[in-house]
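The values are calculated or read from the model by the stated rules, or taken from the named source; none is laboratory data. Note that this is a predicted model, so its numbers are computed, not measured. Counting neighbours? That spans all protein chains shown, and the Cβs are built from the backbone with ideal geometry, glycine included. SASA here: full protein model, heavy atoms, side chains in, ligands and nucleic acids out. Shrake-Rupley method; radii C 1.70, N 1.55, O 1.52, S 1.80 Å.
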Amino acid sequence: MTLGNATEEPRIRRKVRFDDNELARSLYGERNEHLHLIEDKIGLSVHAKGSDLILEGGEWQVQLAEKVLRQLYGLLESDYPLFPNDVGYAVRILSGDESVELKQIFKDQVYISSKKKIITPKTVNQKEYIDSIRKYDIVFSIGPAGTGKTYLAMAMAVAALMKKEIRRVVLARPAVEAGERLGFLPGDLYEKVNPYLRPLYDALHDMMDFDSASRLIQQGVIEVAPLAFMRGRTLNDSFVILDEAQNATSEQMKMFLTRLGFSSKAVITGDVTQTDLPDGKRSGLVEAKEILSHIKGIRFVFFSREDVIRHPLVQEIIDAYEKIEEKRRFPGNGGHPSGDS
């Protein structure tokens, strides 16, 4: 899938030269993999001749490809390790706004995981998200799965803990089934709610080695708990994350937000299109968006399908579901609210 149709305007040729042959090879990728990605995503031809590239396509495609290539080369000059996914992210970002400087996004290091993986934002909205977490004490992030809402919040929390900016990390999630049906599950209360918390453990163990994470959990420095366990507490010197907040009721959301104590931050993540609450229960995340957005000190960051950083097919899956949901909501006019195409 390309970003434009080069046949709609006259084709042009442009030579782009890079001074450092070794960096140029890294820019091209193994077997010119990065160049093939740019060709496929933008819709032009790229021919490599040593440290020179010949770009052929419509004027818009050539200009975009040159900007992508020069900015990626600049990242390599600053010792940034370039991967194929970064090339795709770069095309996506600059096709939306050519004024963006990739260095400001890709070089903003959030954390280095135990696997020596450097965690950085990969989209403009992700950059806004981590900047908001740094600046505001309460941040809501709303958007589809795969946009890094929880993962980046976890990275920011662990980084703050390692820098001793906070004393504790608290990770919470609603256990939607924590009503009558929970009683039918085998085991004690911990064993009943643990499956709901598994995604938080998975993200945590991606940040830290298993032994370190386990030790901090045993010491109470990192706490992973169902949302109901937050009631009656005051959380000082803490970084608190509420995940899957669309499944919190209005009462639970108010309870959670009023737990925040001194020198603490709270990040609330969720996808308002994926609510699993029973009929008649309003999502606390939806309500919070309506009644808290005007309060200074609280920040809302919104993600879209353009911010999905999982497998490329995830974007197409999200698109397909959004289209069918539009058709269901507006069956009489082709899925469009006004009937316009």
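General observations
- Single residue of I268, I317 found to be assigned to a strand (DSSP E or B), within 19 Å of the chain's Cα centre (by Cα) and not acidic (D, E): I268
- Sole residue being of a type in the set (A, V, I, L, M, F, W, C), touching a Phe, Trp or Tyr at 6+ places or on another chain (Cβ under 9 Å), surrounded by 15 or more Cβ atoms within 10 Å (Cβ to Cβ) and within 21 Å of S114 (Cβ to Cβ), chosen from M207, M230: M207
- Within region 239-268, residues that are within 12 Å of F140 (Cβ to Cβ) have Cβ atoms under 6 Å from residues that are of a type in the set (G, A, S) and surrounded by fewer than 24 Cβ atoms within 10 Å (Cβ to Cβ) in these pairs: Q246/S283, counting only partners at least 6 apart in sequence or on another chain.
- For T258, the test of being of a type in the set (V, I, T), under 24 Å from V158 (Cα atoms) and open to solvent by 50 Å² or more (accessible area, probe 1.4 Å) is passed.
- Residue within region 281-291 that is in contact (Cβ under 8 Å) with a residue 12 or more places away in the chain, of a type in the set (D, E), more than 23 Å from L200 (Cα to Cα) and not in a loop (DSSP other than H, G, I, E, B) present: yes
- Per-region count, region 1-44, residues part of a loop (DSSP other than H, G, I, E, B), at pLDDT below 90 and either open to solvent by 100 Å² or more (accessible area, probe 1.4 Å) or among the charged types (D, E, K, R) (or both): 3
- Taken over region 254-279, the residue count meeting the criterion of being in contact with a helix residue (DSSP H, G or I) (Cβ under 8 Å, 6 or more places away or on another chain) and among the acidic types (D, E) is 2.
- Qualifying residue in region 235-247 (condition: surrounded by fewer than 20 Cβ atoms within 10 Å (Cβ to Cβ) and assigned to a loop (DSSP other than H, G, I, E, B)): yes
- Qualifying positions in region 112-127 - outside any helix (DSSP H, G or I) and open to solvent by 40 Å² or more (accessible area, probe 1.4 Å): I112, S114, K115, K116, K117, I118
- Which numbered condition S263 misses (of (1) polar (S, T, N, Q); (2) open to solvent by 50 Å² or more (accessible area, probe 1.4 Å); (3) over 26 Å from F302 (Cα atoms)): (3)
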